[in-house]
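Chemist: Could you have a look at this structure, given as structure tokens, before my questions?
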Protein chains: 2
Amino acid sequence: MHVREFQGMMRRIYYSRDFKRGTEGTYNWLVDEVRELGDALESGNKKELENEFADVIAWLASLANVTNIDLEKTALSKYDKKCPKCGYSPCACAFRTSSKDASAQHP
Amino acid sequence: MHVREFQGMMRRIYYSRDFKRGTEGTYNWLVDEVRELGDALESGNKKELENEFADVIAWLASLANVTNIDLEKTALSKYDKKCPKCGYSPCACAFRTSSKDASAQHP
């Protein structure tokens, strides 16, 4: 399924309640789901992990819906078959283990 | 682009460094990107917001790659044209504004 179709499906199922909850509430819920994804990573339970990955992408799509962002378009305009920073695939940027010293780019 | 193709593209560009960084490092980077998405929401800058949405879905795909999760399959096995909790589209669950009293479901 296209990213855009997934976002559209989430809109059909959840938009009225996402809109009612608002941007901040929907963002906070996404943060909670990311935390639960971290817990699932620690648990080592594959079923739980899959469940939390599903929830994170679902809430990301919900947040994109309430903020009028086309998730597929925006993802592909930045990540278009190559690293947006170095221009290569595979990425050839200097390796960094954390984003602390990072720009907004991926590597 | 299908969710699965996007994940595959991220694998081609970033897998060797995502693998080297590991699950915990990649998860921590995802958390940082979600925080930056929150900052972008507050800034009201559309360009910055699009950029951060792109980064969050990119890092979610990277984390799925290092943990061997098929993001599209897992998303569609939970969210299949209807709310997984109530079984309806649009969702007809009791409305909640926060996940504090929630199960792992979306509403």
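Chemist: Considering every residue within the range B:13-22, establish whether at least one is within 22 Å of A:Lys78 (Cα to Cα), touching a Leu at 6+ places or on another chain (Cβ under 7 Å) and either assigned to a helix (DSSP H, G or I) or not acidic (Asp, Glu) (or both).
Modeler: no
Chemist: Identify all residues within the range B:23-51 that are out of contact with any Leu (no Cβ under 7 Å at 6 or more places or on another chain), more than 8 Å from chain A (Cβ to nearest Cβ) and either among the small types (Gly, Ala, Ser) or closer than 24 Å to A:His2 by Cα (or both); write none if there are none.
Modeler: The answer is B:Ser43, B:Gly44, B:Lys46, B:Lys47, B:Glu48.
Chemist: Continuing with the same structure: Can you tell me which residue is surrounded by the most Cβ atoms within 10 Å (Cβ to Cβ) among those in the range B:1-19 that are within 8 Å of another protein chain (Cβ to nearest Cβ) and under 29 Å from A:Gly25 (Cα atoms)?
Modeler: B:Val3
Chemist: Given the criteria more than 8 Å from every other protein chain (Cβ to nearest Cβ), touching a Lys or Arg at 6+ places or on another chain (Cβ under 9 Å), hydrophobic (A, V, I, L, M, F, W, C) and free of Cβ contacts under 8 Å to residues at least 60 places away in the same chain, does A:Ala54 qualify?
Modeler: Criteria not met by A:Ala54.
Chemist: So, one more: How many residues does the range A:89-107 contain that are out of contact with any Cys (no Cβ under 7 Å at 6 or more places or on another chain) and either modelled with pLDDT of 95 or more or among the β-branched types (Val, Ile, Thr) (or both)?
Modeler: Number satisfying all stated conditions: 2.
Chemist: Please name all residue pairs, on different chains or six or more residues apart, with Cβ atoms under 7 Å, provided the first residue is in the range B:62-88 and is at the interface with another protein chain (Cβ under 8 Å from one of its Cβ atoms) and the second residue is outside any helix (DSSP H, G or I) and small (Gly, Ala, Ser).
Modeler: That search, which allows pairs on different chains as well, returns B:Lys81/B:Ser89; B:Lys82/B:Ser89; B:Cys83/B:Ser89.
Here's the yes/no breakdown for (1) closer than 23 Å to A:Thr97 by Cα; (2) not small (Gly, Ala, Ser):
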position	(1), (2)
B:Tyr14	yes, yes
B:Gly25	yes, no
B:Asp32	yes, yes
B:Leu37	yes, yes
B:Glu52	yes, yes
B:Ile69	yes, yes
B:Gly87	no, no
B:Cys91	no, yes
B:Phe95	no, yes
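Chemist: Name the one entry in A:Gly44, A:Gly22 that is at pLDDT below 95, at positive phi and either buried (at least 20 other Cβ atoms within 10 Å of the Cβ) or out of contact with any strand residue (DSSP E or B) (no Cβ under 9 Å at 6 or more places or on another chain) (or both). Please lay out each step first, then the result.
Modeler: Working: A:Gly22 fails: at pLDDT below 95.
From the options A:Gly44, A:Gly22, the qualifying one is A:Gly44.
Conditions tested, residue by residue: (1) crowded, with 21+ Cβ neighbours inside 10 Å; (2) assigned to a loop (DSSP other than H, G, I, E, B).
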site: B:Ala61; (1), (2): yes, no
site: B:Ala64; (1), (2): yes, no
site: B:Ser77; (1), (2): no, no
site: B:Asp80; (1), (2): no, yes
site: B:Lys85; (1), (2): no, yes
site: B:Pro90; (1), (2): no, yes
site: B:Cys93; (1), (2): no, yes
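Chemist: Of everything in the range A:1-36, what is of a type in the set (Val, Ile, Thr), in contact (Cβ under 8 Å) with a residue 40 or more places away in the chain and in contact with a Phe, Trp or Tyr (Cβ under 9 Å, 6 or more places away or on another chain)? Give them in sequence order.
Modeler: Within the range A:1-36, A:Val3, A:Thr26 meet the criteria.
The values are calculated or read from the model by the stated rules, or taken from the named source; none is laboratory data. Small disclaimer: the values here were computed from a predicted structure and weren't measured. Neighbour counts run over all protein chains shown; Cβ positions are idealised from the backbone, glycine included.
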